[in-house]
1. Normalise the Cα radius of gyration of the stretch 48-114 by 2.2 N^0.38 Å (N = residues in it) and let me know the number.
2. Relative contact order for the stretch 9-117: what is it in percent, counting Cα pairs under 8 Å that are at least 6 residues apart?
3. Pairs of lysine in the chain with Cα under 17 Å and at least 8 positions apart or on different chains: total?
4. So what are the ³J(HN,Hα) numbers for the stretch 97-111, from phi and the Karplus equation (6.51, -1.76, 1.60; θ = phi - 60°), rounded to whole Hz, Gly and Pro as x?
5. For the stretch 75-90, in order, what is each residue's ³J(HN,Hα) by Karplus, 6.51 cos²θ - 1.76 cosθ + 1.60 with θ = phi - 60°, in whole Hz (x at glycine and Pro)?
6. Which order do the peptides 66-77, 99-110 take when ranked by the mean count of other beta-carbon atoms within 10 Å per residue, highest first?
7. Roughly how many nanometres apart are two label points built 7 Å out from the Cα toward the Cβ at His29 and Leu111?
8. Could you run the Karplus curve 6.51 cos²θ - 1.76 cosθ + 1.60 with θ = phi - 60° over the stretch 52-57 and give me ³J(HN,Hα) per residue in whole Hz, x for Gly and Pro?
Amino acid sequence: MAEPYLTELIALANKIPNRSKNEALTCKHFFSGAAARIDGHIFMSLSPVGLALKLPEPQRNAVLDQGGKPLKYFPKSPIKKDYAVLSPQQREDTSSLFDLINLSIDHVLTLTAQERV
């Protein structure tokens, strides 16, 4: 069931512009979807709830204000407060999408070990 999400996430990750090939970017199964990691830390997930990015608060709030949703993997699970699920329109704007993905990567790489959880 998660295989289509992993395949789609790998394809998306392979299109990310302006990234160093030295960075360890991997994609693996995660819950009922897939997660992308940079140097071992999750920055993006794709699941039945949508494409979610870990973002700094101002950009996360902007995504939410423009039609995104808070990330919640299961109906009774808590909201993953550091993430925002992009709206279909946000996913279709390729230029802005890759800007947000790169921002998410940069954000995760600057977090302390405690903040990355």
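Only the coordinates and a few stated rules stand behind these numbers; no lab work does. Predicted model only: the values in this text are computed from it and were never measured. Quick reminder, even Gly has a Cβ in these numbers, built from the backbone with ideal geometry, and neighbours come from all protein chains shown.
1. So the stretch 48-114 has a normalised radius of gyration of 1.08.
2. Dividing the mean separation by the residue count of the stretch 9-117 yields 23 percent.
3. Close lysine pairs found across the chain: 10.
4. 4, 5, 4, 5, 5, 5, 4, 4, 4, 4, 4, 5, 5, 9, 6
5. Computed from phi, the couplings for the stretch 75-90 are x, 9, 8, x, 6, 7, 5, 8, 10, 9, 8, 6, 6, x, 5, 5 Hz.
6. Details: 66-77: 13.9, 99-110: 18.2.
By packing density, highest mean first, the sequence is 99-110, 66-77.
7. Result for the modelled spin labels: 2.4 nm.
8. 10, 10, 8, 10, x, 3
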